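Comments concern the structure below.
The values are calculated or read from the model by the stated rules, or taken from the named source; none is laboratory data. It should be emphasised that the depicted structure is a prediction, and the values quoted were computed from it without experimental measurement. When we count neighbours, we look across all protein chains shown, and the Cβ atoms used for this are built from the backbone with ideal geometry, even at glycine.
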Amino acid sequence: MVERFIERVISQSRWLMAPFYLGLLASLFILMLTFLRELWHFFANVMGATEADVILGVLALIDLSLAANLVLIVVFSGYENFVSKIDPGAHPDWPEWMTKIDFSGLKQKLMASIVAISAIQVLKAFMNIDKSFNERTMMWLVIVHLLFVVSGLLLAWTDSIGERGKHATE
């Protein structure tokens, strides 16, 4: 009886994650406001902008969009994997991936998004190279980006090993 009680408490504790996902949805709203502010700033200054300024403006918008996608992936996949299953039948317009990403897929999507965001930061720094070039900052941006790339590759490799091991035992 004590064991059942403990198991029930542990099982129900997963709902403690729900406020985290709601908080992430609030951060998604903040990202949207930031995106709209950047878009307004971009439109307001586009007529006097150089080609590099336009590219940097577009990269900033892409960066915010990728960050928002990342939040959305974490919310849907995290809720589905750790809190409660979502009934896709009740939401026929939902993309198929929203209810099919397992924890391994979530990690890979997160890492891919982080690598893309990091690449955009490096590209933005490179585009500003003539304005405020700092060799040390650029070096660290590239090093951190390469660490993200290597981490992503290692994560995919270890997941692949795990999948092979799982299939071998079946």
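For this structure, a couple of remarks:
- Any hit, region 149-159, residues being modelled with pLDDT under 80 and either part of a helix (DSSP H, G or I) or not polar (S, T, N, Q) (or both): yes
- Within the option set ALA44, ALA49, ALA116, ALA60, being closer than 30 Å to GLU163 by Cβ and at pLDDT 80 or above holds for one residue only, ALA116.
- One residue from ARG4, ARG14, ARG8 being under 23 Å from LEU110 (Cβ atoms) and not small (Gly, Ala, Ser): ARG14
- When GLY78, GLY23 are checked against the criterion of being at pLDDT below 90 and either in contact with an Asp or Glu (Cβ under 7 Å, 6 or more places away or on another chain) or farther than 30 Å from MET127 by Cβ (or both), GLY78 stands alone in meeting it.
So that you can scan it fast, the table gives a plain yes or no per residue for (1) surrounded by 11 or more Cβ atoms within 10 Å (Cβ to Cβ); (2) in a helix (DSSP H, G or I):
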{"position": "ILE6", "(1), (2)": "no, yes"}
{"position": "VAL71", "(1), (2)": "yes, yes"}
{"position": "VAL74", "(1), (2)": "yes, yes"}
{"position": "PRO92", "(1), (2)": "no, no"}
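- Condition check for ASP53: surrounded by 12 or more Cβ atoms within 10 Å (Cβ to Cβ), within 13 Å of the chain's Cα centre (by Cα) and of a type outside the set (Ser, Thr, Tyr): no
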